[in-house]
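What follows is a short report on a single structure.
The values are calculated or read from the model by the stated rules, or taken from the named source; none is laboratory data. Predicted model, so just to flag it, every value in this text is computed and none were measured. Please note: Cβ atoms are built from the backbone with ideal geometry, for glycine as well, and neighbour counts cover all protein chains shown. Surface areas here come from the heavy atoms of the whole protein model, side chains and all, with no ligands, DNA or RNA. Shrake-Rupley method; radii C 1.70, N 1.55, O 1.52, S 1.80 Å.
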Amino acid sequence: MNDSIAFAAALAREFEGLSLRPYVCPAGYWTIGYGNRCLANGAAVTSRTKPITKQQAEDLLLFTLAGLRVKLRALVQVRITVNQEAALLDWQFNLGTSAIAGSSLLRLLNSGQSIAAGEQLLLWDHMHRNGHLVRVPGLTRRRQAEWHLYVGATGNGSVSAPSPAPTPNSTDQLNAAELDRVKEHT
């Protein structure tokens, strides 16, 4: 199946894992299934949310991704590939629509700078721990997987995630500004 929701769901399954009972995720939110913070009816997941079945978790993931895709398509003003959409959907699922709506990634993408936009995914591998913003290896792996999907890598290692350029350029400055914005809003 060549569908962005199917590709995004595969990433979410891999990186979120499955819990049929409510649990507190590393970011401190009550979640269930494959990392859903809300149920299909819009109710927030809490400690009192009843356990769900594996099929319900799968249905909830696909339902959530379908809703997110509608929001993503409203934000993106240029043509993107199925792989790019899938990578952005997984990123959006993990971080929320507000993260993409105000991001440098979206500004770069909509200005036609597709690769620079994709590289922005790699910046979002931090979370707050004990009042400090720290890089999380699991998020680093997830962002690299999203980037590989975004650029259409086949998984055979033929495409490597980019390293930061040693000299500043406009993309590096945008990346630094984006990281500062992330630090302020997370």
Net charge of Cβ neighbours under 12 Å - reference residue 64; Lys, Arg +1; Asp, Glu -1: -1
Residue-normalised accessible area of region 1-70, expressed per residue, 1.4 Å probe, Å²: 58
Nearest-0.05 FRET efficiency for residue 41 and residue 111, computed from C-beta distance (R0 30 Å): 0.20
Shape metrics for region 18-60, restricted to C-alpha atoms - Rg then Dmax, Å: 9.0, 25
Contour excess over end-to-end distance, with Cα ends at residue 141 and residue 25 and 0.36 nm allotted per residue: 40.0 nm
For peptides 128-138, 27-37, 45-55, 96-106, sequence by mean Cβ density within 10 Å, most packed first: 27-37, 96-106, 45-55, 128-138
Once the Cα gyration tensor of region 47-109 is diagonalised, semi-axes √(5λ) in Å: 27, 13, 8
82, 24, ranked by accessible area, largest first (probe 1.4 Å): 24, 82
Approximate spin-label separation residue 63-residue 79, in nm, with each point projected 7 Å along Cα-to-Cβ: 3.5
Within the accessible area of region 1-94 (1.4 Å probe), percent carbon and sulfur: 54
